[in-house]
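Notes to accompany the following structure.
The values are calculated or read from the model by the stated rules, or taken from the named source; none is laboratory data. Remember, it's a predicted structure, so these values are computed and weren't measured experimentally. We place every Cβ from the backbone using ideal geometry, glycine too, and count neighbours over all the protein chains shown. For the accessible areas, the whole protein counts, side chains as well, though only heavy atoms, and no ligand, DNA or RNA atoms are used. Shrake-Rupley method; radii C 1.70, N 1.55, O 1.52, S 1.80 Å.
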Amino acid sequence: MMAYENGGFEEEAHLYASPHEDMESLVLHDDDTNNNLSKSNGGAQGRDDNQRHYPHNSFNSFLEPPSYAEAVFRSFDGDHAKQINSHGVASTSMPSSNSNYLKISVTDPREEEDLVAGGNTYVTYLITTWTNLPEFNGTEFSLRRRFKDIVTLSDRLSDSYRGFFIPMRPDKSVVGKQVTQKQEFVEQRRMALEKYLKKLAAHPVIRRSEELRVFLQVQGKLPLMKTTNMASRMVDGAVKLPKQLFGESVESAKGGGDLLRIFKELRQSVTYGWGATKPPLVEEDKEFMEKKMKLQEFELALGNVSLQAESLVKAQQDIGETMGQLGLAFVKLTQFETNEAMFNSQKARARDMKNVSTSAVKTSRLYRELNAQTIKHLDKLHDYLGVMLDVNNAYSDRSNALLTIQTLVSEVSALNSRIEKLEAVAFKVFGGDSSRIQKLEELKETMKVTNEAKNQAVREYEHIKENNKIELERLDKERREDFIGMMKGFVVNQVGYAEKMSSAWEIVANETSGYAERCR
């Protein structure tokens, strides 16, 4: 979204070979702004154009050199020192000099040969970090990472910070065979990776995480994940059970064939215990469910506003380009009228056309900059659509955690039933059935591990609920601040540029009023 060009006249005009180049080659000299706003028709005609020296261009001699001081491209809201908040959205507040900071840049993409993969190549990026956070060892450091490392970092953050609104990493795309396409792809990926890492660095929890610190500071390959006990591994696998239940492919967790066997048994117990149907998810937190419904409504409204913002950007771009083409057309017409003028009325008409062409070109450039400011402010809508994906992922963590508990509770119930039946059979024989007694001990051990996993799953679920609550509070606060800033910047720039465009045409109206009176 918001993918329109904000450079202005990027397409060729219909009437001329290269109107963009023609317009950009116009020499537009700056006079004092106040003098320009108050100049009269007589003052405009009283200038001695021969005293000015311009580069050779057929258009320059037919454009009255206006004051272009107010066409300098700048933002009316003074957003010259913006920050990025935890959602990667621009914030206009200035950081204090003693505040903690974590700044990241991604530069210098370099193609390297993969000796392990038989001579294939991959691209690495230089990641430079500046920080004063105590979690880091140093204030400035650099290392090289490849996209595979970004994927590893994203996966580890998703596993370690379930329930948090973790920014989504860029997708892995296919590179074209042509060199120019590949270079463009590498640059696009570099910008996407930098934006992603900046979002992580702005998150109040992730920025202090060990996973991010290792990624940014530790040279070489990322170290392997720490191993956990059997109950933790069992919960880790059970978290992936929802996808298995719904027929999706999932990589098996590390831990060997015993863990995979447990997952299969859990799936079977769920299938048999609930009649081969999807188990119901019961969320008892009514306040959470109300907020979830409101956020779903917000997401729908946000998507609609984002589409309308795209339409506005395209409309402003079209108006700016059309206005520029109109100005160039009047330049051509002015040239013709001047060359063919035989009477004073024709010369006066040529001067007025020259003023119209000047204002049209100026207005076109103002539209160009207005569109850039519109994109800068309204692109927050697109950013928040990305945030909603992060929110939905956090909600999925919560639903999956609840399903994990239900799965393990079902397994505990099934194990209890099997143990009771086996105990009744094993001790009917005098002295007991040794093979069944051994099986009974194995089931009790499995029961113990499953109970531990269930208790841990409950703790994990409560932890995710708390993380959701913290993140929702943060989202409400930052969304309010960001949307106020967005609307302020959008409205102020719309008003400011509208006034400048109005002033440009008001000057032309004053300058041409004399000619209009003579034509009556």
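Within segment 379-405, residues that are within 17 Å of residue 293 (Cβ to Cβ) and among the small types (Gly, Ala, Ser) reach partners that are modelled with pLDDT of 90 or more and not in a helix (DSSP H, G or I) with beta carbons closer than 7 Å, at six or more positions or on different chains, in the pairs 394/163; 394/164; 394/165.
Test residue 409 against the stated conditions and say whether it is more than 19 Å from residue 163 (Cβ to Cβ) and part of a helix (DSSP H, G or I).
Numbers: more than 19 Å from residue 163 (Cβ to Cβ): yes; part of a helix (DSSP H, G or I): yes.
Yes.
Determine if segment 384-407 includes at least one residue that is in contact with a strand residue (DSSP E or B) (Cβ under 9 Å, 6 or more places away or on another chain) and under 30 Å from residue 498 (Cα atoms). No, every residue in segment 384-407 fails to be in contact with a strand residue (DSSP E or B) (Cβ under 9 Å, 6 or more places away or on another chain) and under 30 Å from residue 498 (Cα atoms). Only one of the numbered conditions (1) surrounded by fewer than 12 Cβ atoms within 10 Å (Cβ to Cβ); (2) part of a loop (DSSP other than H, G, I, E, B) is violated by residue 170, and that is (1). For segment 308-358, the set of residues classified as touching a residue at least 12 places away in the same chain (Cβ under 8 Å) and under 30 Å from residue 386 (Cα atoms) consists of 309, 310, 312, 313, 314, 316, 317, 319, 320, listed by residue number.
Take residue 494 and decide whether it is more than 22 Å from the chain's Cα centre (by Cα) and under 30 Å from residue 374 (Cα atoms). Yes; evaluated as a whole, the condition is true for this residue.
Does residue 380 satisfy the criteria of being touching a strand residue (DSSP E or B) at 6+ places or on another chain (Cβ under 8 Å) and either under 30 Å from residue 447 (Cβ atoms) or open to solvent by less than 20 Å² (accessible area, probe 1.4 Å) (or both)? Here the answer is yes, as residue 380 does meet what is asked.
The number of residues in segment 84-105 being hydrophobic (A, V, I, L, M, F, W, C) and at pLDDT 50 or above comes to 2. With the structure loaded, tell me whether residue 196 is under 30 Å from residue 398 (Cα atoms), buried (at least 17 other Cβ atoms within 10 Å of the Cβ) and either of a type outside the set (Lys, Arg) or touching a strand residue (DSSP E or B) at 6+ places or on another chain (Cβ under 8 Å) (or both) or whether it fails that test. The answer is yes for residue 196. The selection criterion, being surrounded by 18 or more Cβ atoms within 10 Å (Cβ to Cβ), within 43 Å of the chain's Cα centre (by Cα) and free of Cβ contacts under 8 Å to residues at least 60 places away in the same chain, does not hold for residue 375.
Taken as a whole, the structure leaves residue 453 outside the set of residues that are modelled with pLDDT under 90, aliphatic (A, V, I, L, M) and in a helix (DSSP H, G or I).
Every residue, every condition in (1) modelled with pLDDT under 85; (2) assigned to a loop (DSSP other than H, G, I, E, B); (3) among the polar types (S, T, N, Q), yes or no:
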| site | (1), (2), (3) |
| --- | --- |
| 107 | no, no, yes |
| 117 | yes, yes, no |
| 127 | no, no, no |
| 130 | no, no, no |
| 135 | no, yes, no |
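From the list 469, 465, 448, 477, the lone residue that is under 30 Å from residue 283 (Cβ atoms), open to solvent by 80 Å² or more (accessible area, probe 1.4 Å), modelled with pLDDT under 95 and touching a helix residue (DSSP H, G or I) at 6+ places or on another chain (Cβ under 8 Å) is 469. Right, residue 410: under 30 Å from residue 447 (Cβ atoms), open to solvent by less than 30 Å² (accessible area, probe 1.4 Å) and among the polar types (S, T, N, Q) or not? Yes, satisfied. So is residue 317 of a type outside the set (Phe, Trp, Tyr), at pLDDT 90 or above, within 30 Å of residue 199 (Cα to Cα) and exposed (fewer than 13 other Cβ atoms within 10 Å of the Cβ) or not? No, not satisfied.
Within the span defined as segment 307-323, one or more residues are assigned to a helix (DSSP H, G or I) and of a type in the set (Ser, Thr, Tyr).
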